[in-house]
Amino acid sequence: MKHIDVKVLFEKAEDFVNKNVTVCGWVRTARDSKGISFIELNDGTCLKNIQLIVEKDKVNTDNLKEALMVGTSLCVKGVFIPSPKNGYEINITDITVLGTCPPEYPLQKKRHTLEYLRTIPHLRVRARYFEAVFAVRHQLSISIHNYFHKNGYKYIHAPIITGSDCEGAGEMFRVTTHPWATEYTKEDEYYADDFFGKKAGLTVSAQLEGEMAAMGLGKIYTFGPTFRAEHSNTTRHAAEFWHVEPEVCFCDINDIIEIAEDFIKYIIKDVMDNCPEEIDFFDAWVEKGLKDKLNTVIANDFVKLDYTDAVEILKASGQDFKYAVEWGADLQTEHEKYLTEEHFKKPVFVVNYPKDIKSFYMKQNPDGKTVAATDLLVPGIGEIIGCSEREADYDKLIEAMEKRNMPVEMYQEYLDTRKYGSVPHAGFGLGFDRMLMYITGVQNIRDTLLFPRTVGSL
Ligand code: 4AD
Ligand code: MG
């Protein structure tokens with residue numbers, strides 16, 4: 001079906017003025033009066049609709065009634081002309097109805113609540129809000145790939161089915177083809193008969209595979225889906241989310257923090273440069289002042305704050321926190337909010353967390369109490385990046401695993417990287433969907449994903 005994207009029509013309008021064009025799309029709104037009808041058509045290629053003018057004495061109007069129904073899909077021909085009100089419009093000579101749309105089409109109104117739209121994920125992509133979300137989602141992916149490509153990283157595809165729980169948080173979904181059978185008395189026997197001959201699950205992080213790849217390729221990144229059976233029913237948690245995980249050799253905690261900050265600023269700027277209309281839309285309708293916020297983030301240094309100092313600031317804040325602030329305890333959402341939204345009012349790297357609340361692979365600091373790990377916290381969302389220098393010392397790594405009762409024998413390949421030419425290396429994980437929330441002002445992670453998966457909802 002030869003036709004022109006509406007986006008191209010607007011971008012290269014000069015080339016098309018006063019010429020015959022064919023466009024396709026869905027009817028957003030329609031207005032009918034005696035001799036003339038107006039249709040706003042949207043084809044999904046850009047936020048803008050193209051206005052169609054139907055002068056009834058010039059067009060075969062046999063199918064006009066159907067064509068004026070909201071949601072109907074059309075292929076139309078006509079002359080592309082300048083219009084004082086809309087910039088451009090099409091004076092129609094021919095209308096073909098591709099698919100009719102009955103009046104019970106759920107998107108009749110111009111505005112619906114996000115909660116309602118969540119009940120029709122298969123149709124909400126036809127709403128302006130989601131057109132904007134998915135345009136930015138696309139651009140953000142491209143910007144991320146561009147950043148790493150330009151900086152010499154290799155894009156690695158890590159396995160999604162894995163045997164190791166990287167974060168050790170017991171949040172892995174199981175992968176099995178084996179029906180439950182009562183003849184087994186031990187878990188191991190049951191798994192031995194399963195597809196892989198052992199317990200398997202969906203990855204919670206590509207980090208361990210990423211580390212092994214980096215220890216030969218130098219610097220790599222992964223960008224794929226990650227699965228966590230977290231029961232946290234919050235606006236920031238999805239059971240299936242997209243995860244960006246670079247891993248860099250010959251790199252310490254300070255180097256990786258510099259990289260993370262540079263990366264975040266680059267992708268924000270690149271999205272703003274490439275999606276100006278969408279960002280304007282979010283600034284106007286979703287988060288007032290969004291553009292100023294993003295420009296300020298790009299222009300200023302992020303805060304680097306020692307965990308121990310964070311605890312001091314929180315203790316001195318005079319705030320009535322629900323969870324007590326104590327050295328050794330993890331920071332809660334309310335604490336993160338206070339630091340980023342009240343105290344600093346900008347992104348904060350909290351560095352050197354107590355080792356007991358963090359993962360086994362993090363480099364142990366000489367103080368014996370903390371690890372060279374950092375979370376990047378941002379106002380409005382909280383943690384968007386989890387980051388660390390990795391423990392490069394074979395013995396210390398084993399010791400940390402044993403302390404956590406991990407099955408060391410299952411990690412022999414990973415441990416080999418520390419045996420054969422170990423190097424200082426570091427990496428981080430960016431929650432892609434949370435980053436998208438930050439750039440767009442969207443408040444719920446469910447509204448950044450096409451078909452969000454959350455606890456109790458598939
Ligand atoms: O802090 P996390 O658990 O770190 C890791 O997984 C490391 N292995 C990363 C690495 O160093 N390669 O997760 C990283 C980020 C979080 O900061 C958060 O943005 C996001 O992943 N994240 C989630 N996003 C949406 N829904 C969830 N349930 C998430 N859990 C983590
Ligand atoms: Mg984390």
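The values are calculated or read from the model by the stated rules, or taken from the named source; none is laboratory data. Keep in mind the model is a prediction, meaning the values are calculated, not measured. When we count neighbours, we look across all protein chains shown, and the Cβ atoms used for this are built from the backbone with ideal geometry, even at glycine. These area figures cover heavy atoms from the full protein model, side chains too; ligands, DNA and RNA do not enter into them. Shrake-Rupley method; radii C 1.70, N 1.55, O 1.52, S 1.80 Å.
For the range 276-331, what are the residues that are of a type in the set (Lys, Arg) and part of a loop (DSSP other than H, G, I, E, B)?
Passing the criteria: Lys288, Lys322.
Exactly one residue out of Ile268, Ile259 is within 16 Å of the chain's Cα centre (by Cα) and part of a helix (DSSP H, G or I), and it is Ile268. For the range 40-49, the candidate set comprises residues that are in contact with a helix residue (DSSP H, G or I) (Cβ under 8 Å, 6 or more places away or on another chain) and without any contact (Cβ under 8 Å) to a residue 40 or more places away in the chain; within that set, the residue that is farthest from Pro103 (Cα to Cα) is Asp43.
Considering Gly78, Gly152, the condition of being of a type in the set (Gly, Ala, Ser) and within 30 Å of Met212 (Cβ to Cβ) is satisfied by Gly152 alone. Going through the range 329-370 one residue at a time, which ones are of a type in the set (Ser, Thr, Tyr) and open to solvent by 60 Å² or more (accessible area, probe 1.4 Å)? The answer is Thr333, and nothing else.
Return the only residue of Ile156, Ile160 being under 27 Å from the mean Cα position of the chain (by Cα) and surrounded by 15 or more Cβ atoms within 10 Å (Cβ to Cβ).
So the residue among Ile156, Ile160 that is under 27 Å from the mean Cα position of the chain (by Cα) and surrounded by 15 or more Cβ atoms within 10 Å (Cβ to Cβ) is Ile156.
Might you check whether a residue that is open to solvent by less than 10 Å² (accessible area, probe 1.4 Å), closer than 19 Å to Ile259 by Cα, outside any loop (DSSP other than H, G, I, E, B) and in contact (Cβ under 8 Å) with a residue 40 or more places away in the chain occurs anywhere in the range 415-426? Yes. When Thr448, Thr417, Thr454 are checked against the criterion of being under 30 Å from Ile381 (Cβ atoms), away from ligand 2 (no atom under 16 Å from the Cβ), β-branched (Val, Ile, Thr) and more than 11 Å from the chain's Cα centre (by Cα), a single residue qualifies: Thr454.
Pick from the range 336-364 the residues that are assigned to a loop (DSSP other than H, G, I, E, B) and among the basic types (Lys, Arg): which of them is farthest from the chain's Cα centre (by Cα)? Give the derivation first.
So in the range 336-364, the residues assigned to a loop (DSSP other than H, G, I, E, B) come out as 344-347, 358-361, 363.
Restricting the remaining residues to those that are among the basic types (Lys, Arg) gives 345-346, 358, 363.
Details: Lys345: 23, Lys346: 20, Lys358: 24, Lys363: 28 Å.
Top of the filtered list is Lys363.
Out of Thr440, Thr448, Thr417, one residue alone is out of contact with any Pro (no Cβ under 9 Å at 6 or more places or on another chain), of a type in the set (S, T, N, Q), more than 10 Å from ligand 1 (Cβ to nearest atom) and under 24 Å from Gln139 (Cβ atoms). It is Thr440.
In the set (1) modelled with pLDDT of 95 or more; (2) part of a loop (DSSP other than H, G, I, E, B); (3) in contact with a strand residue (DSSP E or B) (Cβ under 7 Å, 6 or more places away or on another chain), Lys77 fails one condition alone, (2).
Any residue at all in the range 176-190 that's touching a strand residue (DSSP E or B) at 6+ places or on another chain (Cβ under 9 Å) and not polar (S, T, N, Q)? No - not one qualifying residue is present in the range 176-190.
Being open to solvent by less than 40 Å² (accessible area, probe 1.4 Å), over 30 Å from Ala181 (Cβ atoms) and of a type in the set (A, V, I, L, M) holds for only one residue in Ala214, Ala229, and it is Ala214.
Within the range 272-287, the residues that satisfy the criterion of being within 27 Å of Glu342 (Cβ to Cβ) and either under 21 Å from the mean Cα position of the chain (by Cα) or open to solvent by less than 30 Å² (accessible area, probe 1.4 Å) (or both) are Met272, Ile279, Phe282, Asp283, Trp285, Val286, Glu287. Here the condition is being touching an Asp or Glu at 6+ places or on another chain (Cβ under 9 Å), among the hydrophobic types (A, V, I, L, M, F, W, C) and either closer than 30 Å to Lys337 by Cα or in contact (Cβ under 8 Å) with a residue 40 or more places away in the chain (or both); of Ile257, Ile161, Ile253, it holds for Ile253 alone.
Six or more apart or on different chains, Cβ under 8 Å: which pairs go from a residue in the range 440-458 that's charged (D, E, K, R) to one that's part of a loop (DSSP other than H, G, I, E, B)? Could you list them? Here the result reads Arg446/Thr235; Arg446/Ala238; Arg446/Pro452; Arg453/Ala238; Arg453/Ala239, each pair linking the range 440-458 to a residue that is part of a loop (DSSP other than H, G, I, E, B). Go through the residues of the range 365-386 one by one and say whether even a single one is closer than 15 Å to Gly429 by Cα, in contact (Cβ under 8 Å) with a residue 12 or more places away in the chain, within 15 Å of ligand 1 (Cβ to nearest atom) and assigned to a loop (DSSP other than H, G, I, E, B). No, the conditions are met nowhere in the range 365-386. Is it true that some residue in the range 307-328 is modelled with pLDDT of 95 or more, within 15 Å of ligand 1 (Cβ to nearest atom), more than 30 Å from Ala214 (Cα to Cα) and crowded, with 16+ Cβ neighbours inside 10 Å? Checked the range 307-328: no residue is modelled with pLDDT of 95 or more, within 15 Å of ligand 1 (Cβ to nearest atom), more than 30 Å from Ala214 (Cα to Cα) and crowded, with 16+ Cβ neighbours inside 10 Å.
All conditions but one from (1) open to solvent by 50 Å² or more (accessible area, probe 1.4 Å); (2) under 21 Å from Asp433 (Cα atoms); (3) out of contact with any Leu (no Cβ under 7 Å at 6 or more places or on another chain) apply to Arg126; the one that does not is (3). The requirement of being out of contact with any strand residue (DSSP E or B) (no Cβ under 8 Å at 6 or more places or on another chain) and of a type in the set (A, V, I, L, M) is not satisfied by Leu52.
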